[in-house]
Amino acid sequence: MRYEEMGKMTGKTLMLLPGTCCDWQTNFGKVIPRLSEKYHLICVNYDGFDGSDVIFPDMLTVTGKIERYITEHHGGRLDGAIGSSLGSSFVGQLVQRKNVHIDHAIFGSPDLDQSGTIPARLQSKLVVPLLTSFTGSQKKRDKTRDKLKSFFLMDDETADRFMECFSRFSPESIRNEYYTDLITHLENDIHVEHTRAHFIYANKMGKKYLKRYKKYFRDPDIREFDMQHEQWVFGEEKYREPVLKVIDEFMNMPV
């Protein structure tokens with residue numbers, strides 16, 4: 001695990017938790033300059049995605065390591081934590097387990113998929129080879145780049161950095177991360193006193209995700225945006241700026 005703290009060191013603390021097979025540099029690279037102006041950022045790279053030889057073990061082991069870091073370096077409390085996609089699963093676990101306290105738990109257009117062990121194993125066997133094979137030839141890379149640019153509205157540089165993650169990191173780490181995310185469940189109706197759950201809802205994902213947010217958290221603060229999953233971190237400025245304004249609003253709400 002690697003942590004890097006930056007930004008306005010006298011500002012409110014905001015932890016950044018990246019999504020599937022991403023480091024924070026790739027996942028949050030477009031938004032860090034803006035966030036650094038206002039917040040004391042704590043950027044996290046998980047085991048297996050931090051440049052070390054350590055393999056990603058499972059979601060709960062990594063959650064425990066994040067909790068220890070928050071306890072040892074920030075007195076067990078953060079003003080905010082934001083997860084992108086799978087990173088939101090970590091935010092949910094940090095709130096649910098109550099070993100540390102987060103004032104503002106921010107979920108960045110997550111899917112929050114959950115399943116039993118057998119379906120999760122089947123999905124992993126199907127999906128992970130696809131994720132790790134698309135960089136195998138220049139033709140595949142070009143085709144994937146075009147898809148990423150079309151779906152997320154990524155520029156070429158961002159698309160190339162995103163694809164690089166799937167060839168740079170161990171397939172075993174990717175598989176463990178993908179599989180254990182599916183089998184690490186959130187409870188229904190999570191409510192922690194003095195913690196507010198905020199959701200960035202990308203409505204092009206579909207209403208079933210909106211239902212999940214309301215199922216897992218009591219009275220969540222949900223803000224709807226006309227965009228695709230993670231388009232605010234990877235896409236064009238027109239998606240990024242409205243979400244960043246809402247994050248500022250979240251972080252300044254009373255708890």
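With 0.36 nm allotted per residue and the present C-alpha distance subtracted, the Lys214-Thr61 stretch has 52.4 nm of extension available.
Choose one answer from Glu172, Glu230, Glu157: the residue with the largest mean-square fluctuation in a GNM of the chain with alpha-carbon springs under 10 Å. Result: Glu157 has the largest fluctuation of those listed.
With a cap of 15 neighbouring Cβ atoms within 10 Å, and only residues DSSP puts in a loop, list the GluC sites (Glu not before Pro) found in region 1-91. Display every interim value, and only then the final one.
On the way: sites: Glu4, Glu5, Glu37, Glu67, Glu72; in loops: Glu37.
Passing sites in region 1-91 are Glu37.
The residues Ser170, Ser85, when put in order of fewest to most other Cβ atoms within 10 Å, stand as Ser170, Ser85. Spin-label pair Glu172-Asp142: with each label point 7 Å from Cα along the Cα-Cβ axis, the two points sit 3.6 nm from one another. The phi-based Karplus calculation (6.51 cos²θ - 1.76 cosθ + 1.60; θ = phi - 60°) puts the 3J(HN,Hα) values of region 169-175 at 9, 5, x, 5, 5, 4, 5 Hz, whole numbers, x for Gly and Pro.
With all pairs of separate Cα atoms included, region 1-107 yields a Kirkwood hydrodynamic radius of 13.6 Å.
Excluding Lys12 itself, what net charge comes from residues whose Cβ is under 15 Å from its Cβ, given Lys and Arg +1 and Asp and Glu -1? Walk me through the intermediate numbers first.
Working: positive: Lys8, Arg34, Lys38, Arg77, Arg196; negative: Glu5, Glu37, Asp79, Asp103, Asp248, Glu249.
Combined, the nearby Lys, Arg, Asp and Glu give -1.
Taking every C-alpha pair closer than 8 Å and separated by at least 6 residues, the mean separation divided by the residue count of region 81-180 gives a relative contact order of 23 percent. Specify which labelled value, from (i) 17.2, 52; (ii) 19.8, 73; (iii) 17.7, 56, agrees with Rg and Dmax of the Cα atoms in Å derived from the coordinates of the model shown. Structure-derived value, by its label: (i). One chain, two ends: Lys204 and His73. Fully extended at 0.36 nm per residue, the span grows by 43.3 nm beyond their Cα-Cα distance.
If contacts are Cα pairs under 8 angstrom and at least 6 residues apart, what is the relative contact order of region 34-96 in percent? Over region 34-96, the number comes to 19 percent. Over the chain, Cα pairs under 8 Å with separation of 6+ residues give a relative contact order of 21 percent.
Pairs Lys30/Lys238; Lys208/Lys245; Lys30/Lys149; Lys208/Lys238; Lys30/Lys245: which are spaced more than 21 Å apart, C-alpha to C-alpha? Working shown, then result.
Working: Lys30/Lys238 12 Å; Lys208/Lys245 25 Å; Lys30/Lys149 15 Å; Lys208/Lys238 25 Å; Lys30/Lys245 15 Å.
In this structure, Lys208/Lys245; Lys208/Lys238 exceed 21 Å between Cα atoms.
Using 0.36 nm per residue and subtracting the Cα-Cα separation, the extra length available between Lys238 and Glu187 on full extension is 14.9 nm.
None of the figures in this text is laboratory data; all of them are computed from the coordinates on show. In this text the structure is predicted, and so the values were computed from the model without any measurement. All Cβ positions, even for glycine, are placed from backbone atoms using ideal geometry, and neighbour counts span all protein chains on display.
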